Amino acid sequence: SNQNKLTTQEAQVAISQLQDELTDYGIAYYEKDAPIVEDHVYDEKYAQLVALEASFPQFVTPDSPTQNVGGAQTKSGLDKVQHPVPMLSLGDVFSLAELQEWEDRTVKALGSQPSYNLELKIDGLAVSLKYENGQLVQASTRGNGVIGEDVTANVLTIEDVPKQLTEPLTIEVRGEIYMPKASFVSLNEDRENQGQEPFANPRNAAAGSLRQLDAQETKKRKLSAFIYYTAEADVLGVTKQSEVLERFAELGLPTNKDNRVISKMAEIEPYLAEFTKRRDDLPYGIDGVVVKVDEIDSEIDLGNTVKVPRWSIAYKFPPEEEETVIREIEWTV
Ligand code: NAD
């Protein structure tokens, strides 16, 4: 490949340029909720950086975007919250071949064939919810994975999120806050009517709407949630990710019902085909499918890198075609 032909000095320059560029894109995306490039542009440059850093590991710096969970944590004016268990990103792949490579590594690391829970990758932003004796006491964003933002007042305005669980459990759960497509369309119409910049996509709209200093503003934005993770499955008395989702539903937490358990990666194809087809008809945005090792003990064995869990991988759909904006034409006669 080309990068092998770069001199060490050229590689150093290219790596540092990509790191700076991706950092700037990240600030626009995560801090300002207003991306300056399309996601696939970001993803392509990110992949270039990963490849270059792999060939020239001496230039991987701790502040490289490849070593950090991207996210806002300081500039919004919201209070900071520390996550005792870091909130990570997800590794991503773009083809069946790469999914198979991921499975091969996973089977090798575990020494046995795991089953997987397939979930839709909801296009929103991650949130952590703390319940004490069944009562919602704190909500926070992912931030940089270790320090997030306190959005408790904002999350309390989201109807989907129960203030009280059906059982008096003390547990931290995580999931996705998203903006339904219908809310997104009407919010952007309002913004344009008021001369404000429309949000680029439902994910940025959800993030911008959740990270408001005035919770009443969040309330107007009509956000929803799907909860899909806890690091404390033992509190729920279950041992599988698919069972975690069932217990969440019993507790009154909003869960996405389109998950599916498969016994090996080769069985993923019908699921990918189904949701590639149904994607546009869903009332919320999805940008892929998340594959999770179903057995939680195996997840723990596989562990995490500094940025992503090894027990899970995101398969990203190909970029959506540019939305065609059909505007009414005013005829003058
Ligand atoms: P990500 O959003 O691709 O994946 C990780 C996230 O997926 C998790 O934090 C969680 O919030 C979410 N998720 C949704 N459904 C889930 C489920 N069922 N189970 C588990 N997690 C689920 O990773 P990221 O690090 O947050 O962001 C990278 C993405 O952001 C890339 O797609 C990139 O294109 C985009 N980005 C774009 C720009 C830009 O300038 N356009 C800049 C930075 C990042």
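The values are calculated or read from the model by the stated rules, or taken from the named source; none is laboratory data. From a predicted model like this one, the values you see are computed outputs, not experimental measurements. Note: ideal-geometry Cβ built from the backbone for every residue, glycine included; neighbour counts use all protein chains shown.
If only residues of region 47-91 that are within 16 Å of the chain's Cα centre (by Cα) and in a helix (DSSP H, G or I) are counted, the one that is farthest from the ligand (Cβ to nearest atom) is T66.
Among the residues of this structure, G26 does not count as one that is assigned by TED's automatic domain parsing to the domain that holds I262 and small (G, A, S). Of all positions in region 282-305, none carries a residue that is at pLDDT below 95, part of a loop (DSSP other than H, G, I, E, B), of a type in the set (A, V, I, L, M, F, W, C) and assigned by TED's automatic domain parsing to the domain that holds E269. Quick one: R327 ticks every box in (1) basic (K, R); (2) surrounded by 14 or more Cβ atoms within 10 Å (Cβ to Cβ); (3) modelled with pLDDT under 95 bar one, so which box is it? Among (1) basic (K, R); (2) surrounded by 14 or more Cβ atoms within 10 Å (Cβ to Cβ); (3) modelled with pLDDT under 95, the lone unmet condition for R327 is (2). Annotation: G77 fulfils all but one of (1) surrounded by 13 or more Cβ atoms within 10 Å (Cβ to Cβ); (2) within 30 Å of N188 (Cβ to Cβ); (3) touching a Leu at 6+ places or on another chain (Cβ under 8 Å); the unmet one is (1). Here D43 fulfils each of the conditions (1) in a helix (DSSP H, G or I); (2) touching a strand residue (DSSP E or B) at 6+ places or on another chain (Cβ under 9 Å); (3) away from the ligand (no atom under 13 Å from the Cβ) apart from (3). Is it true that some residue in region 240-253 is in the same structural domain as R105 (by TED's automatic domain parsing), of a type in the set (D, E, K, R) and more than 27 Å from V107 (Cα to Cα)? Yes, the conditions are met somewhere in region 240-253. In region 297-307 there is no residue matching the filter, namely being of a type in the set (K, R) and within 19 Å of P180 (Cα to Cα). Does E322 meet the test of being at pLDDT 95 or above and more than 12 Å from the ligand (Cβ to nearest atom)? Judged against the criteria, E322 is not a match. Within region 92-104, take every residue that is more than 15 Å from the ligand (Cβ to nearest atom) and touching a residue at least 60 places away in the same chain (Cβ under 8 Å) and give me the one that is farthest from P309 (Cα to Cα). Filtering first and then ranking leaves L96. Taken over region 203-214, residues that are out of contact with any strand residue (DSSP E or B) (no Cβ under 8 Å at 6 or more places or on another chain), at pLDDT below 95 and not polar (S, T, N, Q) amount to 3.
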